Every structure is written in C-alpha cells, then in structure tokens.
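*Asks:* This is the structure, below, for whatever I ask next.
The values are calculated or read from the model by the stated rules, or taken from the named source; none is laboratory data. Remember, predicted model here, so these are calculated numbers, not experimental data. Positions of Cβ are backbone-derived with ideal geometry, glycine not excepted, and every protein chain shown enters the neighbour counts. Surface areas here come from the heavy atoms of the whole protein model, side chains and all, with no ligands, DNA or RNA. Shrake-Rupley method; radii C 1.70, N 1.55, O 1.52, S 1.80 Å.
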Amino acid sequence: TMEAFMAAVRYHGKGDVRVERVRTPSASPGGVVVEVRAAALCHTELHFADGTLQLGVAPITLGHEAAGVIVSVGEGIDAARVGERVLVYYYAGCAKCTFCAAGDEQLCGDVAAQFGFVSDGGLARFIAVPARNALPLPPSLTFAHAAPIGCGVSTAVHAAKRAGGLAAGETVCVYGC
C-alpha cells in the first residue's frame, strides 16, 4: 500500500527549490497513479530555479519527464492497467476541443493540466495523471531511457511532423530543444 506522504522536489519561487514531504496523490475518476521509476531533467527545471520561468503557480512539484508503473486506477479505468509500465506525457488538453480531437493538445485553449509546469509533476515517488497521459512502454525500453521521451523526443517528433513532406527512411537534423 502507498504511504500517506512522500518526498517531492518542490518549487517555491525564484531560487527556492526544496525537497519536502507532501501528501501522496490518489487517482481521480478517469485517472491513474504512477509510481515514478525514472524522471529526467531538462532546462525547464533550471529556468524555474533561476527565475527565468515563472508561471505563477507555487509551490508545485517539478518534473515533466517521468516514467514508471501504474499502481492504482480511478473510477472508469480498467483495473488491468495496474502494473503497466508507462511514460507520463506532461500535457493534458481538455480532450473536447477540435485541437485535442486532431491530436494537437498543445494548442488547446482550455488545458486541464501541465505536469511539472502548473500541475504537480514527476519529481516525486508518485504522480496522478489522466489515464490517457499514461502511455504504455514496450518491455525493451528502460524507464531511464523512456523518461525524456515525453518532452525532448516528442518535441522533435512534432516538429518533424509539422515540417511536412517527410517520408520514412529520410534523414533529418534536429537542433536544440
């Protein structure tokens, strides 16, 4: 069973990042709780720490690149998902608008959550997310290799898709992130 409290890396404002004990999340209807097995860091966390990125939400658990195992499910989610290895995708659109229906959640005007930005993220033992944001991982992919996929890799993939005209087998160069 999960303990009532867990350690989390929390942002409190410019230059103020702490490890704190916070309440362990529970699964909401349509959601899951993932036990984080690996979390990656990118420049986003540094931007929070140095004050470059201030989204007006504090305190908040940082971490938008996480992978782990589903340990509980909310109402409406098949209990068979418990034990599933997943990548947590950090952006949750409203799931109702035309952008979300087209797979362009990043353009949603009514964002439900952005884990590690304005919603508690994955630099903690557990994270609660909508089930649609817990993407199944193949057994061959380690948690450490999977964690950065949700941001760094997906950003490049979306950019390549947007570039248009790319075909399987073509060579591309991705610069920056």
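*Asks:* Hey, does the stretch 50-59 have a residue that's outside any loop (DSSP other than H, G, I, E, B), of a type outside the set (Phe, Trp, Tyr) and either in contact with a strand residue (DSSP E or B) (Cβ under 7 Å, 6 or more places away or on another chain) or within 19 Å of residue 112 (Cα to Cα) (or both)?
*Replies:* Within the stretch 50-59, not a single residue is outside any loop (DSSP other than H, G, I, E, B), of a type outside the set (Phe, Trp, Tyr) and either in contact with a strand residue (DSSP E or B) (Cβ under 7 Å, 6 or more places away or on another chain) or within 19 Å of residue 112 (Cα to Cα) (or both).
*Asks:* Here's a follow-up. Can you tell me which residue is modelled with the lowest pLDDT among those in the stretch 92-141 that are surrounded by 16 or more Cβ atoms within 10 Å (Cβ to Cβ), in a helix (DSSP H, G or I) and in contact with a helix residue (DSSP H, G or I) (Cβ under 8 Å, 6 or more places away or on another chain)?
*Replies:* The residue in question is 105.
*Asks:* Among the residues of the stretch 99-137, what is the count of those that are of a type outside the set (D, E, K, R) and without any contact (Cβ under 8 Å) to a residue 40 or more places away in the chain?
*Replies:* Residues meeting the conditions: 11.
*Asks:* Testing residue 160 on (1) closer than 25 Å to residue 25 by Cβ; (2) in a helix (DSSP H, G or I); (3) open to solvent by less than 50 Å² (accessible area, probe 1.4 Å), one condition comes back false. Which one is that?
*Replies:* Every condition holds for residue 160 apart from (1).
*Asks:* Restricting to the stretch 69-98, what's the tally of residues that are farther than 28 Å from residue 45 by Cβ, touching a strand residue (DSSP E or B) at 6+ places or on another chain (Cβ under 7 Å) and free of Cβ contacts under 8 Å to residues at least 40 places away in the same chain?
*Replies:* Matching residues across the stretch 69-98 total 3.
*Asks:* Turning to a different aspect of this structure: Just checking, does the stretch 4-19 include any residue being over 18 Å from residue 118 (Cα atoms), assigned to a strand (DSSP E or B), open to solvent by 30 Å² or more (accessible area, probe 1.4 Å) and of a type in the set (D, E, K, R)?
*Replies:* no
*Asks:* If I ask for residues that are modelled with pLDDT of 95 or more and either of a type outside the set (A, V, I, L, M, F, W, C) or open to solvent by 50 Å² or more (accessible area, probe 1.4 Å) (or both), which ones from the stretch 72-91 would you list?
*Replies:* Hits for the stretch 72-91 are 72, 74, 75, 76, 78, 79, 80, 81, 82, 83, 84, 85.
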